[in-house]
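Notes follow the structure.
We did not get these values from a lab; they are worked out from the coordinates using the rules stated. Note that the structure is a prediction, hence the values are computed from the model and not measured. As a convention, Cβ positions derive from the backbone with ideal geometry for all residues, glycine included, and neighbour counts pool all protein chains shown.
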Amino acid sequence: MTPPYGRRVTAAATLAACALMLWVAGSFARHAPRGAVIAGGKDAAAAAAVDSLLGTFGVASGDVTTWGPKAGGAPTGRIEERIIVPPAFRSLEFNHALSRRLAPLGMSVVATERSRENSVTMHIVRGGYTIRSLAFVAEGR
């Protein structure tokens, strides 16, 4: 029979080994580019849904500026778009239509409005990460 302190030492060593493994795994996860973690075929489907809806709502492709933001010099894995729309653009209807198209892909849409800037930003979220941000800016034509 093992003395009681032997079980404690064994338990402590096991817990220390588990903590070390979790620390190593967390270190790799923190240093992996976010785009690598969230990239996949569904992102292309989300892009196609956005492009299709923009055309349906009368937004010309020349009114869309797209870029990949960086944080600390590294890509964030997210796409941002600035979209010029007419003042009569129905952002709420666009939001609902986009939400319906993305729901089967496991994505959702979260929107914020800035009345002073006359803009609405919609964030496409999957797995807790924003993968695409659409900033709709109303400008008179």
What tally of residues in the stretch 67-78 results from selecting those that are assigned to a strand (DSSP E or B) and surrounded by 13 or more Cβ atoms within 10 Å (Cβ to Cβ)? 1
Residue list for the stretch 60-91, restricted to those being without any contact (Cβ under 8 Å) to a residue 24 or more places away in the chain and not β-branched (V, I, T): A60, S61, G62, D63, W67, G68, P69, K70, A71, G72, G73, A88
Taking strands (runs of 3 or more DSSP E) that fall entirely within the stretch 79-141, which contain at least 1 residues that are touching a Pro at 6+ places or on another chain (Cβ under 6 Å)? 79-85, 129-138
